[in-house]
Amino acid sequence: MKSEGQTGAATSTHSPETSPIRTAVAPPAGTRAERLLTRVDHAFAWGDGLIARWLPPEANPLAQSGAATNAALAVAIVSGIALLIWYSPSLQFAYSSLAAIEGRTLGGWVRAIHRYSSDLAMLFVLVHAGRMFFARKFSGSRWLPWVSGVALIGLIWFIGWTGYWLVWDQPAQQVAVTSMRLLDGLPIFGKPLGRLYITDRLVPSLLFFVVFFLHMLLPLAIAVGLAFHLLRVSRVKLFPSWKMTTAIALGVATTAWLIPAPLDAPAEMAVKAGAFTVDAWYLTPLALALRFKHVGLWVALFGTMALAAAIPWLLGRRRAPMAYQAVVEQSRCHACTQCQQDCPFDAITMVARTDGKRFPSLAFVDVSKCVGCGVCAGSCDSEGIVLPWFDTRREENRIENEIAAAVAAGGSSWVALIAGDIDNGLALFAAELWRERLPDYHVHFVPTASWVRPMFVEHLLKHGARGVLIVRDARTEAAARDGNRWVSARLAGTRTPVYRPDRAGGSTAWQVVDYDPARTADLTRQANAFRTEGVKSTLLPARRHPVTMVIAGVLLALVIAVAAVGPSHFRVTNPEPANPEFVFSFKAFGDHVTENTVDATEDATKPIHMRGRSMSKPQRAPVVVRLTIDGVTEERSYRAMGISKDGPALNEWRHPLSVGERAIRIELITGPESPPLRWESTIQAQPRRLHVITFEPDARFRVE
Ligand code: HEM
Ligand code: SF4
Ligand code: SF4
């Protein structure tokens with residue numbers, strides 16, 4: 001279908017000081033796969049509309065998912081602080097302190113609130129990210145909220161991951177072991193950390209405290225992330241209305257009372273749990289890591305995050321600023337600052353003038369922030385700020401002329417101005433479809449509802465139009481954000497520039513209608529009522545019955561609760577084989593094989609401050625381990641650690657066992673000259689157990 005705006009000549013470049021006269025050409029798509037993304041976005045809008053049938057948009061958290069995420073995070077933070085009343089942040093007492101509040105106790109309730117609000121935050125943030133993606137709000141200047149948003153998801157996930165570590169139950173054990181495995185796979189730590197997580201005695205309590213510390217501190221980083229995230233939007237709605245925020249808190253509290261948070265068996269390093277409960281919102285990587293024990297899994301997971309962060313460049317298209325952004329015509333700007341106040345993206349600043357005019361300042365559009373929504377064009381009575389591709393004067397004249405011609409020819413004198421962002425992109429503007437919906441109107445599209453200047457409506461009414469219907473995108477997270485509200489405020493006379501009936505021949509025949517994609521027939525009905533029953537220049541608030549609102553509210557809360565809490569109770573079977581395992585973990589120094597010798601003749605040739613130092617680096621022999629189980633012997637050699645091979649050999653040897661009595665002998669050989677160090681005994685191998693022997697230079701062999 002050809003877009004109404006697709007007629008006309010190509011654009012040309014011009015400086016903001018010259019008059020941008022051109023024909024309307026829809027700006028090039030800002031993203032690739034525009035059509036596909038738009039369709040899904042439309043489905044979201046349709047869902048919002050459906051819910052809006054029974055609930056006002058401000059009562060639908062899914063329609064304000066960014067703000068709703070903050071509300072859920074706030075509940076998580078408050079309940080987390082409260083949980084410290086019961087929780088002991090130490091390896092020894094963490095589990096027992098939580099076991100003491102298990103079930104329907106006050107502490108258990110707070111714990112469940114903390115847990116479910118974190119789940120809800122993840123649900124909301126993913127909905128938010130999905131909606132932003134399909135609304136194509138990642139290209140151009142929106143790269144910053146997008147990239148910081150991806151970082152925020154990563155941060156929230158990591159906070160959750162550390163949170164599950166702190167429970168010190170069996171899933172926590174897996175989280176810790178998996179994290180150590182990951183760290184060991186990275187070339188960061190010289191000594192493998194995983195070998196500390198084979199027996200309770202060795203698990204470092206300091207690391208547990210570091211994890212606790214991170215869990216407490218990282219929420220502060222969310223605030224820093226949000227500061228970047230919201231740097232380019234003005235009048236941010238950080239939280240939903242207080243009613244909605246309270247409803248979210250109450251919903252979580254009720255769910256937490258009804259479904260206490262699960263607590264698995266305590267962590268025990270020697271036990272390989274058969275199954276445990278996993279919160280899929282945060283521990284899906286764990287469930288995957290248990291199956292695919294390869295560092296490649298993490299590379300894939302973090303790679304996916306990096307790919308998500310790169311979306312603005314992968315799917316976004318570069319567009320010349322002039323092709324879609326606003327420009328200021330210096331000579332027409334009289335420094336009223338209205339456009340600066342109205343811009344939803346903080347893209348306009350008032351700067352010093354250089355043209356010698358008597359006005360103190362001049363509007364200036366920051367191209368790194370402007371998304372080209374067109375709201376500012378409606379702020380300016382003197383046409384000082386315009387969208388070059390939809391030039392105010394030219395487009396207003398064109399529409400006025402068309403209406404005048406139609407009226408002269410005896411046609412309809414009712415005008416409908418449709419916000420192009422409703423149908424998610426002007427390129428897809430379906431003029432015929434809108435003509436079908438509004439058969440008795442002259443249908444024209446405008447970039448966004450607030451592009452319409454009150455003066456334009458005055459002109460239309462003065463020059464023969466009987467009424468002007470403005471159809472706007474009413475979504476809470478609409479492309480033009482809160483800028484959508486200005487058109488009705490301006491026409492109602494509560495925001496500058498105000499509508500002046502005296503300039504419209506005394507007429508107030510305008511109406512702003514919120515578009516609901518789920519009820520297009522309503523639009524036709526409202527438009528007909530506007531035309532036939534007389535003029536109503538105020539918005540018609542949708543009437544909803546209080547009982548239906550309560551029922552719909554409860555149902556929506558139920559759906560969200562199930563979606564948030566359901567995945568947090570996944571029972572995962574441990575894919576590790578159930579047979580017992582023998583583990584020999586050791587730290588042993590091999591014998592020195594290269595002596596620290598000083599050659600006297602060579603030494604004399606060196607500068608005086610370097611004398612007495614050995615040129616040959618001391619190296620250690622590999623440590624050989626000979627393991628005999630039920631008479632079958634295997635041997636392995638472990639090289640000394642360190643770049644110069646002068647450190648200890650540090651490793652573990654895992655060997656599957658069959659259940660029952662097993663005769664084990666370990667021989668540890670530190671060098672060709674040294675006698676083997678021996679340990680020998682029988683063990684009673686039990687299913688799902690690790691049988692661990694450690695060796696340390698001081699403590700020698702030890703049965704754990
Ligand atoms: C802690 C997590 C997050 C919170 C609390 C949050 C919150 C918000 C809020 C309050 C807004 C402003 C909404 C408005 O007033 O119109 C916003 C905007 C935005 N968010 Fe998020 N967000 C989060 C994560 C994300 C993620 C993960 C993405 C995508 C990857 C994302 C993408 C965006 C974008 C692109 C905008 C700008 C919308 C526009 O230009 O109209 N956010 N966010
Ligand atoms: S609204 Fe117009 S006159 Fe006022 S500051 Fe903006 S460009 Fe200048
Ligand atoms: S087009 Fe939109 S984002 Fe750009 S300056 Fe105007 S109001 Fe701000």
Selection status of ALA347, surrounded by 18 or more Cβ atoms within 10 Å (Cβ to Cβ) and within 16 Å of ligand 2 (Cβ to nearest atom) = yes
Members of the range 351-370 that are within 16 Å of ligand 1 (Cβ to nearest atom) and touching a Phe, Trp or Tyr at 6+ places or on another chain (Cβ under 7 Å) | LYS369, CYS370
So, first residue touching a residue at least 40 places away in the same chain (Cβ under 8 Å) and farther than 14 Å from ASP381 by Cβ in the range 326-338, second residue within 16 Å of ligand 1 (Cβ to nearest atom) and part of a helix (DSSP H, G or I), Cβ within less than 6 Å, six or more apart or across chains; the pairs are ALA326/CYS376
How many residues does the range 484-504 contain that are surrounded by fewer than 17 Cβ atoms within 10 Å (Cβ to Cβ) and in contact with a His (Cβ under 9 Å, 6 or more places away or on another chain)?
-> 1
Across the range 286-343, which residue is farthest from GLY149 (Cα to Cα) among those that are of a type in the set (Gly, Ala, Ser) and within 11 Å of ligand 2 (Cβ to nearest atom)?
-> SER331
If you go through the range 301-309 one residue at a time, do you hit one that is of a type in the set (S, T, N, Q) and within 13 Å of ligand 3 (Cβ to nearest atom)?
-> no
Expected single match for within 25 Å of LEU238 (Cα to Cα), of a type outside the set (S, T, N, Q) and in contact with a His (Cβ under 7 Å, 6 or more places away or on another chain) among LEU166, LEU152, LEU123 is LEU152
Do the conditions hold for THR597, that is, is it assigned to a helix (DSSP H, G or I) and modelled with pLDDT under 95?
-> no
Take the residues of the range 40-61 that are among the charged types (D, E, K, R) and assigned to a helix (DSSP H, G or I): which is nearest to the chain's Cα centre (by Cα)?
-> ASP41
Restricting attention to the range 382-397, the residues that are at negative phi and either within 16 Å of ligand 1 (Cβ to nearest atom) or among the acidic types (Asp, Glu) (or both) number exactly 3
Return the only residue of LYS191, LYS237 being at pLDDT below 95, of a type outside the set (Gly, Ala, Ser) and within 15 Å of ligand 1 (Cβ to nearest atom).
-> LYS237
Picking from ARG472, ARG453, ARG485, which residue would you name as being basic (Lys, Arg) and more than 16 Å from VAL415 (Cα to Cα)?
-> ARG485
Of a type in the set (Lys, Arg) and either in contact with a Cys (Cβ under 6 Å, 6 or more places away or on another chain) or in a loop (DSSP other than H, G, I, E, B) (or both) - does that describe any residue in the range 331-347?
-> no
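Which strands (runs of 3 or more DSSP E) sit wholly inside the range 632-696 and have at least 1 residues that are in contact with a Gly (Cβ under 9 Å, 6 or more places away or on another chain)?
Strands (runs of 3 or more DSSP E) meeting the threshold: 632-638, 649-656, 660-669, 677-685.
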Within the range 397-407, is even one residue farther than 27 Å from LEU523 by Cβ and within 16 Å of ligand 2 (Cβ to nearest atom)?
-> no
Give the residue, chosen from VAL110, VAL78, that is more than 16 Å from ligand 3 (Cβ to nearest atom), part of a helix (DSSP H, G or I) and surrounded by fewer than 19 Cβ atoms within 10 Å (Cβ to Cβ).
-> VAL78
State which residue is nearest to ARG481 (Cα to Cα) when the search covers only the range 317-364 and only residues that are near ligand 3 (Cβ under 10 Å from one of its atoms) and in contact with an Asp or Glu (Cβ under 6 Å, 6 or more places away or on another chain).
-> PRO344
Test: residue in the range 371-381 that is away from ligand 1 (no atom under 16 Å from the Cβ), touching a Cys at 6+ places or on another chain (Cβ under 6 Å), at negative phi and in a helix (DSSP H, G or I) | yes
Subset of the range 675-696 (residues that are surrounded by 13 or more Cβ atoms within 10 Å (Cβ to Cβ) and polar (S, T, N, Q)) | GLN686, THR694
Answer yes if at least one residue in the range 523-532 is hydroxyl-bearing (Ser, Thr, Tyr) and exposed (fewer than 14 other Cβ atoms within 10 Å of the Cβ), and no otherwise.
-> yes
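Each row is one residue, and each column tells you yes or no for (1) at pLDDT 95 or above; (2) within 16 Å of ligand 3 (Cβ to nearest atom).
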| residue | (1), (2) |
| --- | --- |
| ARG232 | no, yes |
| LEU258 | yes, no |
| ALA265 | yes, no |
| PHE276 | no, no |
| ALA280 | yes, no |
Among residues belonging to the range 362-389 that are within 8 Å of ligand 2 (Cβ to nearest atom) and in contact with a strand residue (DSSP E or B) (Cβ under 9 Å, 6 or more places away or on another chain), point out the one that is farthest from ARG136 (Cα to Cα).
-> LEU362
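The values are calculated or read from the model by the stated rules, or taken from the named source; none is laboratory data. Just so you know, these numbers come straight off a predicted model, no measurement behind them. Virtual Cβ from ideal backbone geometry, glycine too; neighbours counted across all protein chains shown.
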